[in-house]
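Take a look at the structure set out below.
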Amino acid sequence: MQQDQTSVINEVTIQGSRTGQSASSWPGSVYTVSEEVLNLVRPRHITEVLVRTPGVWISRGNGQEHLTALRSPVLTGAGACGAFLMAEDNIPLRAAGFCNVNQLLESTSELAERIEVLPGPQSVLYGTNALHGMINVISPSPPTSTNQPPLTTLALEAGSYDHYRTRFISTGRADGSIGRSGDSWYMGFDGVNDNGYKDDAGFDQQKAKFRYDANFGDIQATTIAAYTNLNQETAGFIRGDDAYKDGSHKRENPNPDAYRDVRSWRLHTRFEYPVDAATLWLFTPYTRHTETEFRMHFLPWQPVEKNKHYSFGWQSALQHRLTEQLDIDLGVDGEYTHGKLQETQSDGFSPSIPAGVHYDYKVDARVVSPFVALRWQINEAAQLSVGARYEWLHYDYDNKAPGLSPCMTGVDCRFTRPDDSIDNFNNPSWQLGGIYEFMPGHSLFVNFARGYRAPQTTELYRLQAGQQETDLDAETLDNIELGLRGEIPGLQYSIAAYQMDKDHVIFQDTNRQNISGAKTSHRGIELAASWAPAAEWYVDINASYAKHTYDSDIAISETPIKNNDIDTAPRYTGSAQVGKYFANNSRVELEWIYLGSYYTDPENEHSYRGHRLFNLRWQWQATKAWQFGLRLNNLLDEDYADRADFGFGQDRYFVGEPRTGFIEITRQL
């Protein structure tokens, strides 16, 4: 066993950069979770590893549900999830315009080689939905040489509340009898059965991944296929002042009929062709499909939603060295998506919320998006980069439900079905950044960028309260970031400060109508450091201070909220890990997680106090073939809420689990 840095990366190639840049030449912050950390933590939920990256908080709901904060508050609402780009091997998990707040559960993060986090706008690289940042799950690589023998691994895990997991991985190189000689492959499977801490709750989840690397002359082709399936019985919020502390109610499930079923698959092939010594051509066609059915337990009337979409598209780039100091990357990305959504109510809740079909529509979406980027190595110490993208996004909406609303004439109906329409959103983005190495191993970086996200289809076509059409603009975000990073023997560090101003923010007003025009402000400072005071010891620290505020004259229930903190936006977050390696090939790590207090409503009248948690992990490589692991989460059995909220006049909580334990046995076959 040996130490591996978990948060700061310097010479690692950033796959999310699309150009193969090293982290040290990236004009902005970048964080990674390494393969070693993923193998130690063995996350049951992706939040368990992303707590190790500054500025990120994945707020867990029940089971695999979650909400995301990435240099932002936790964003809720029909299309707020479009503020983040969630990707796997650079391919977005969901199509433009069809985000879902729980979309990270469709990734195969349990089988990842590493996870990259690129905070701040990444629209020049990826277009819409990369507003506050990007989380990119990287697939494992198969053997690259004949010196790497085939590997087959089987892992079995058991833990609290009837948790069982099986993990199988196989890698190898083709010998000509199966596949072309010299080709290599990876296969992985992760299956979980978890009965859940809450009553009448739990989930079954299966994830699989296949990768095949081949060479056809000068062309290198990497094909990756991924599949996920989730069948979850969901526990909803418990309600009441500090209800998460009440031992007699913590395990209650007020929504025993709630569920979430998700299936998704993705397939892409990345072609790399070196045209000549100065030019590389990259082309990645892909296809994806995802479908979800769930009961909307967070609404009092609890309707059922079914949505799905199918996409195919491509990413392309031509990288060319113009001179020894100047590189250019240019390309055109495109995508076509066919999506559907239906919402139904089994029983009438009120005259304005009747039984039957509330919404039933389909949307065809098309995206074409050219981009260009230049990198200029001014001298040995200084580098400048500039990039721009323009995107054309086209929605063709078709209402399949009859009538303007499902309610009887004369009833103030909550649901509105707009007429068929065609909507276009055309948006530019840009980036300008620089790096200056002021002494060996230590650099200053600065980055200016504009990102955007187009309105999501649910914001445009899932209307309420008689609103028959929308006039929504794309949200834009202007970012300024200044940072310092470097390393000395035994220490790596990264410090960054940022200011982001977001305009044309889409929100739902007091009449439940979707409008844009709000402004918000986001500013903060982040620290990530890894320190090895001795060969067998390590300390990893990440910390973030952020202030997210409303910056426009809008009111909620006639209460002005300008300059208020945005709800569910803790100012302080962070974690620290202290670990020690032992001579018998074992390792122990103690982790501390800090989440500061935050307001749970825009008026800043209700709040959650925050929490501090400890986790303990032990791992022992007994022999080359056998490995054992033990994890104790919430070591001190703290009462806490994974998420606190104030809605429909009540404090609401997703209760955090008490102390839990898990044991794993891994065998290399």
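The values are calculated or read from the model by the stated rules, or taken from the named source; none is laboratory data. Owing to the predicted nature of the structure, the values given are computational and were not obtained by experimental measurement. With ideal geometry, Cβ positions are generated from the backbone for all residues, glycine too; neighbour counts draw on all protein chains shown.
Data for the structure
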{"item": "Residues within region 234-270 that are of a type in the set (S, T, N, Q) and free of Cβ contacts under 8 Å to residues at least 24 places away in the same chain, tallied", "result": "1"}
{"item": "In region 172-204, residue surrounded by the fewest Cβ atoms within 10 Å (Cβ to Cβ) [restricted to those that are outside any strand (DSSP E or B) and of a type in the set (A, V, I, L, M, F, W, C)]", "result": "Ile178"}
{"item": "Counted residues, region 159-199 - those being within 19 Å of Gln64 (Cα to Cα) and out of contact with any strand residue (DSSP E or B) (no Cβ under 6 Å at 6 or more places or on another chain)", "result": "5"}
{"item": "For Phe271: the one exception among (1) modelled with pLDDT of 95 or more; (2) surrounded by 17 or more Cβ atoms within 10 Å (Cβ to Cβ)", "result": "(2)"}
{"item": "Residue, farthest from Ala112 (Cα to Cα), within region 14-32, restricted to residues that are in a loop (DSSP other than H, G, I, E, B) and touching an Asp or Glu at 6+ places or on another chain (Cβ under 9 Å)", "result": "Pro27"}
{"item": "Residue among Ile169, Ile135 that alone is within 28 Å of Gly82 (Cα to Cα) and not in a loop (DSSP other than H, G, I, E, B)", "result": "Ile135"}
{"item": "Given (1) touching a strand residue (DSSP E or B) at 6+ places or on another chain (Cβ under 9 Å); (2) part of a loop (DSSP other than H, G, I, E, B); (3) not hydroxyl-bearing (Ser, Thr, Tyr), number of the condition Trp281 does not satisfy", "result": "(2)"}
{"item": "Considering residues of region 503-548 that are more than 24 Å from the chain's Cα centre (by Cα) and hydroxyl-bearing (Ser, Thr, Tyr) only, the residue farthest from Asp567 (Cα to Cα)", "result": "Tyr538"}
{"item": "Tally of residues being out of contact with any Ser or Thr (no Cβ under 8 Å at 6 or more places or on another chain) and of a type outside the set (Gly, Ala, Ser) across region 241-270", "result": "13"}
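Every residue, every condition in (1) aliphatic (A, V, I, L, M); (2) under 30 Å from Leu404 (Cα atoms); (3) crowded, with 18+ Cβ neighbours inside 10 Å, yes or no:
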| position | (1), (2), (3) |
| --- | --- |
| Arg453 | no, yes, yes |
| Thr457 | no, yes, yes |
| Ala474 | yes, yes, yes |
| Gln492 | no, no, yes |
| Gln499 | no, no, no |
| Lys502 | no, no, yes |
| Val505 | yes, yes, yes |
| Lys519 | no, no, no |
| Arg523 | no, no, no |
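Per-residue answers, yes or no, for (1) under 25 Å from the mean Cα position of the chain (by Cα); (2) closer than 28 Å to Gly127 by Cα; (3) of a type in the set (Asp, Glu):
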residue	(1), (2), (3)
Phe283	yes, yes, no
Ser311	yes, yes, no
Ile328	no, yes, no
Gln345	no, no, no
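For every residue, the table says whether it meets (1) of a type outside the set (A, V, I, L, M); (2) farther than 21 Å from Ser17 by Cβ.
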| residue | (1), (2) |
| --- | --- |
| Leu326 | no, no |
| Gln345 | yes, yes |
| Val372 | no, no |
| Trp376 | yes, no |
